[in-house]
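Scroll down for the structure; my scribbles are underneath it.
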Amino acid sequence: MLTATTATTIPSLSRTTTTCGSLLQELQEIWDEVGESDSERDKMLLQLEQECLDIYRRKVEKTRKYKADLHQSLAEAEAEITNLISALGERASFPRYEKAKLTLKEQISVVNPVLEDLRLKKQERTKEFQETQLQIVRICSEIAGNGHFINKTNPQLNEHDLTLKKLGELKSHLQELHSEKTIRLQKVNSQITTIHELSVVMSLDFNKTITEVHPSLGDPANGQSKIISNEILARLTGTVHSLKQEKLQRLKKLQDLGSTLIQLWNLMDTSSEEQKRFGHVTCLISSSVDDVSRQGCLALDVIEQTEVEVERLNVIKAFKLKELVLKRQNELEEIYRGVHMDVDSDTARHILISLMDSGNVDLSNLLSRMDDEIAKAQEQALSRKDILDKVEKWKHASEEEKWLTEYERDENRYSAGRGAHKNLKRAEKARILVGKIPSLVENLTAKVKAWEIEKGIPFLYDKDFVFQATLLRTLEEYTVLRQEKEEEKRRFREHKRLQELLVTEQEALFGSRPSIKKPLSQSTNANAMLGTPTGRHAGTPARHRISGGKERRDSGRGGAIIPINYVAIPKDDSNSRATL
């Protein structure tokens, strides 16, 4: 079956054959006119036929080669498409067409657009791969610390694997590197910030310090990116550590100097105005190293100035130590006097002056010992305070008891004189206070015994106290004396009761005899001379008068008859005496 191309080629050959036949006829005519022989004619026709065959043969061979080339181009295009699809990981399949129905050129025209599209995709994919790998190499170089070789590095590309999966893996790796770079940059910036803060506090040259770590860190305007390698991070960490140690040492030195300054100021009573000159130093004594952030507060010149001031005060201190020692002695004596402890001040001062004049004692150590003595004295004074407060209450109660005794001996105490009502109120309060003396003495004695057991020494009181003995013996003697007085009062009351009983019995046997009524003042005076309290009835005669009138009224109403020889014998008020 002839194809359409063959059908169009046959008429063309027929026309060529016709043309050749015309030319051959014309050639025969020319030969006839020339008179060529038949052999010559055959020879020339054979030669002409051979030349025509050669031309046809060359044309056929050329056409055959062209066909082979087309086949090869088609095969190469198809192979390239297959490779590109494999390299790019495209899901699109190879273009489908029927080769039997299409010529080679038509097949090539179908394949070429697909090939060009895949080549364009490969070019774009390759560019994306290269950019991603270049960024990966650049960041890796920065992390490795050789960032100045970045531009000379050409990342190798595997053209057989340009799939989106591979590209995604590279981009994921790049993202991880970006994250690591960000973290490292944050660390670098944080360390640089810390170095800057430490430099500001200690007045150091920040640019010089940071440039010693790496030149790119000290001049960010030069366009260089910050190095984020492990080595740089280690150097920054080491620099920060050394600066923190330096800061700690300087702070400790200033704190020691500040404490020394305060001690010297306290010793020499330095004015507050002069102390303000170094207030920026003393305020650091209680500060931690993390709290110190003021600019220049730990500079070397601050430390030098403070050292000079300490040396100056030490020179001055040598001339004032004697005065300070005597001042401490005054403080010690004042503490002892405040808690009623008897000390021999003159002897102590004589010993101190002799020691200082001899030059055999370190005045600083002597002053320190004096401070220790003052601290012990303050501690001892604090332990005596509670007892001394109770001693004062006891002394006050004793004074009130003495006043009450004298007051009750006064015959004119009930007169309507000036201040009589005040004395009455005071006497009433004094009776209540005197009634509390036994419990007060008992409690005070218990506390003194406990104090002496704890301290292992007797509780002494100064010489101005009324009793010349230890406080415990004084309390014991006072308790014994008070018991003796109470016993004497009890015997007197018993004797009086017996006398009254005897008088009553005599009256019952022989009848009463008139007695001369003594004035109230004489009766009170007699009781006072016997050392017994007058009692509540003696102190409030108005009550007797009122109660007596009431009894008379009651007896009148009751019809009772009072004997002519009846004598009213005053009775002692035991309750009033108990309050004393």
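The values are calculated or read from the model by the stated rules, or taken from the named source; none is laboratory data. This structure is a prediction, so every number in the text was calculated from the model and none was measured. Cβ coordinates were reconstructed from backbone atoms using ideal geometry, including for glycine residues, and neighbour counts include every protein chain displayed. These area figures cover heavy atoms from the full protein model, side chains too; ligands, DNA and RNA do not enter into them. Shrake-Rupley method; radii C 1.70, N 1.55, O 1.52, S 1.80 Å.
Quick one: is Leu298 among the aliphatic types (A, V, I, L, M) and in the same structural domain as Leu382 (by the TED database)?
The answer is no for Leu298.
Examine the range 342-355 for a residue that is in contact with a Gly (Cβ under 8 Å, 6 or more places away or on another chain) and assigned by the TED database to the domain that holds Gly456, and state whether such a residue exists.
No; the residues of the range 342-355 include none that is in contact with a Gly (Cβ under 8 Å, 6 or more places away or on another chain) and assigned by the TED database to the domain that holds Gly456.
Out of Leu261, Leu257, Leu233, which single residue is under 30 Å from Ala144 (Cα atoms), among the hydrophobic types (A, V, I, L, M, F, W, C) and open to solvent by less than 40 Å² (accessible area, probe 1.4 Å)?
Sole residue among the options that is under 30 Å from Ala144 (Cα atoms), among the hydrophobic types (A, V, I, L, M, F, W, C) and open to solvent by less than 40 Å² (accessible area, probe 1.4 Å): Leu233.
Go through the range 408-448 and count every residue that is farther than 25 Å from Leu475 by Cα, part of a helix (DSSP H, G or I) and either among the polar types (S, T, N, Q) or modelled with pLDDT of 75 or more (or both).
9
Taking Ile285 and the conditions (1) surrounded by fewer than 17 Cβ atoms within 10 Å (Cβ to Cβ); (2) farther than 30 Å from Val240 by Cβ; (3) aliphatic (A, V, I, L, M), which numbered condition does it fall short on, given that it satisfies the others?
Among (1) surrounded by fewer than 17 Cβ atoms within 10 Å (Cβ to Cβ); (2) farther than 30 Å from Val240 by Cβ; (3) aliphatic (A, V, I, L, M), the lone unmet condition for Ile285 is (2).
Do we find that Pro95 is in a helix (DSSP H, G or I) and either open to solvent by 30 Å² or more (accessible area, probe 1.4 Å) or modelled with pLDDT under 80 (or both) in this structure?
no
Show me the helices (runs of 4 or more DSSP H) entirely contained within the range 227-346 in which 1 or more residues are modelled with pLDDT of 90 or more, farther than 30 Å from Leu388 by Cα and hydroxyl-bearing (Ser, Thr, Tyr).
230-268, 300-338
Just to be sure I understand the filter: pairs with C-beta atoms under 6 Å, separated by 6 or more residues or on different chains, first member in the range 256-284 and free of Cβ contacts under 8 Å to residues at least 24 places away in the same chain, second member charged (D, E, K, R) and not in a helix (DSSP H, G or I). Which pairs pass?
Once the first residue is free of Cβ contacts under 8 Å to residues at least 24 places away in the same chain and sits in the range 256-284, no partner that is charged (D, E, K, R) and not in a helix (DSSP H, G or I) comes close enough.
Out of the range 288-303, which residues are within 13 Å of Lys247 (Cα to Cα) and open to solvent by 70 Å² or more (accessible area, probe 1.4 Å)?
Asp290, Asp291, Ser293, Arg294, Gln295, Leu300
Scan the range 64-73 and give yes if some residue there is modelled with pLDDT of 80 or more, surrounded by 10 or more Cβ atoms within 10 Å (Cβ to Cβ) and closer than 30 Å to Phe129 by Cβ, otherwise no.
Yes, the range 64-73 has at least one match.
Which number in (1) closer than 23 Å to Thr209 by Cα; (2) in contact with a helix residue (DSSP H, G or I) (Cβ under 8 Å, 6 or more places away or on another chain); (3) open to solvent by 60 Å² or more (accessible area, probe 1.4 Å); (4) of a type in the set (D, E, K, R) marks the one condition that Lys322 misses?
Against the list (1) closer than 23 Å to Thr209 by Cα; (2) in contact with a helix residue (DSSP H, G or I) (Cβ under 8 Å, 6 or more places away or on another chain); (3) open to solvent by 60 Å² or more (accessible area, probe 1.4 Å); (4) of a type in the set (D, E, K, R), Lys322 comes up short only on (1).
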